[in-house]
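Shown next, in structure tokens, is the structure this report addresses.
The values are calculated or read from the model by the stated rules, or taken from the named source; none is laboratory data. As the structure is a computational prediction, the values presented were derived from the model and not from experiment. Cβ placement follows ideal geometry from the backbone for every residue including glycine, while neighbour counts extend to all protein chains displayed. To get the accessible areas, we keep the full protein, side chains included, count just its heavy atoms, and leave off ligands, DNA and RNA. Shrake-Rupley method; radii C 1.70, N 1.55, O 1.52, S 1.80 Å.
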Amino acid sequence: MAHSSVEGFRPVSSLGAKVAVMASSGAYVYLALESGRILRSSAFGRFEPFSELSFPCSVLTAGGDGSVYAASSRDGAVRRIGPSGEASALPSLPSAARCLMVDNNDVLWAVCAQSLYRLVSNKWAPVPAVEGLPSTRIESLLMGKGSEIWAATGHGIAALDVSETNVSISNVAYATDEAFLRNSASRSGDDTLLFGTSNGVVLVSLSGEPAMTPWVPEPDPTGTPGRPHSLSWLLTIALAVLAFIIGWFLARRRTSKEVPVPVTVPDPEPETVQNPVETLPVAPVTRRRTAPKPASSAEKPSGSALSGSELIALLERLEQEEHSEFAEQVLSGIRESFSRADYSVEDLAASLGLSRVHLNRRLQSELGISPSVLLKTYRMRLASGMLSESTYTIAEIASSCGFSSSSYFSSAFRDYFGFPPSEYPPQAG
């Protein structure tokens, strides 16, 4: 589809850090950067410093009175930012917030893990579990009419009736196979709600009887729809078949009791296709090496051929490059949630509507790294940065980086870098 310029739009550049999350209210648009800075704009492309937070922000929402509410990606810290940019601390949540919302009565709501809270008398009051939701994992909250709240869950949406003492599901609930995304709800006008999914957008009309309608963008009439997609699928299938044949061949050779010399397969470079079962002499191995001896297995994270420092350098490079929408969703999902101890690759796969095996295959194909190693690298990069400041205890670092205990963190750190956190930074020589 041809791109056309929009009058009055100016691209935003030189922000100093990547945008972590965005919110809007009235004429204002708010951007939260990974560095903790909050920017505000009254015209697209003209952003100015608005506030500064002491933590990276993963959730941002705006209230009707001009206030902005931000939640930390590391823990349950929540801040209220007034219209003039001053930030004040609110009571902390039990864990990092998945989403925030201000209702029509200016009451702040939050979702942590699978629990729902609302701020009452400057205290977070837990809301009893709502019976009848399509699934227990709430991804987004959005105001409907009056005191009605719409909740997007893992696999469906529902309208909630809210009173001062109770929250219950109304007679409107839709279950679907769509995987709803976190913090992807928005309102268009007075009668249409939009919820983002892994496959598109779901619209809910509030005029008359509520109705849920999946929406898919129309194909570009100026292009040749279907052909690139078909070629992509053919290439994917061909690569999968080739990978299966190679894997089957290597497995047969690996499990064979004999070590025959291959006679039917051309072998232009015998030194590079030695049978992995055969014991090689020391001299040929030494002669074939063209690079220094790689680090020992203790200096490399499990499941990776790179050392910890090399993986962090790879992560820094990946974050500077442009990727497919799928890869960006993976990076964004891990970046927002890696500090939670209960966050795992299974959670990431579920948020994308994929199995763990499918997620691993696609991510290895696009970025050359498994999701488990990528998640661990995000945690270890933050841990090494906090260790370099020499102001945090091991327990504080473990909690901030998504580890359930100090001992587990120390063991994982040693496995990743090859030395314990107490010896960071490593001594030269």
Would the stretch 412-422 turn up any residue that is farther than 17 Å from Leu318 by Cβ, polar (S, T, N, Q) and either open to solvent by 60 Å² or more (accessible area, probe 1.4 Å) or out of contact with any helix residue (DSSP H, G or I) (no Cβ under 6 Å at 6 or more places or on another chain) (or both)? yes
When you look at Trp150, is it out of contact with any Gly (no Cβ under 8 Å at 6 or more places or on another chain), of a type in the set (A, V, I, L, M, F, W, C), touching a residue at least 24 places away in the same chain (Cβ under 8 Å) and in a strand (DSSP E or B), yes or no? no
Return a yes/no flag: does the stretch 76-87 have any residue that is at pLDDT below 85 and closer than 23 Å to Ser337 by Cβ. yes
Among the numbered conditions (1) touching a residue at least 40 places away in the same chain (Cβ under 8 Å); (2) assigned to a loop (DSSP other than H, G, I, E, B); (3) in contact with a Gly (Cβ under 6 Å, 6 or more places away or on another chain); (4) surrounded by 19 or more Cβ atoms within 10 Å (Cβ to Cβ), tell me where Ser95 comes up short. (4)
Only residues that are under 15 Å from Met22 (Cβ atoms), at pLDDT 80 or above and either assigned to a loop (DSSP other than H, G, I, E, B) or not hydrophobic (A, V, I, L, M, F, W, C) (or both): list them for the stretch 54-75, please. Pro56, Thr61, Tyr69
Being buried (at least 18 other Cβ atoms within 10 Å of the Cβ), modelled with pLDDT under 85 and not in a loop (DSSP other than H, G, I, E, B) is the filter here, so list the residues in the stretch 112-137 that pass it. Cys112, Ser115, Leu116
Would you please name the residue that is least open to solvent (accessible area, probe 1.4 Å), looking only at residues in the stretch 387-409 that are within 19 Å of Ser95 (Cα to Cα) and polar (S, T, N, Q)? Ser400
Can you tell me which residues in the stretch 98-124 are over 18 Å from Ser67 (Cα atoms) and touching a residue at least 60 places away in the same chain (Cβ under 8 Å)? Arg98, Ala113
How do the pairs read when you match residues in the stretch 347-369 that are over 16 Å from Ile237 (Cα atoms) and free of Cβ contacts under 8 Å to residues at least 24 places away in the same chain with residues anywhere that are basic (Lys, Arg) and surrounded by 15 or more Cβ atoms within 10 Å (Cβ to Cβ), using Cβ under 6 Å and keeping only pairs 6 or more apart or on different chains? Ala349/Arg356
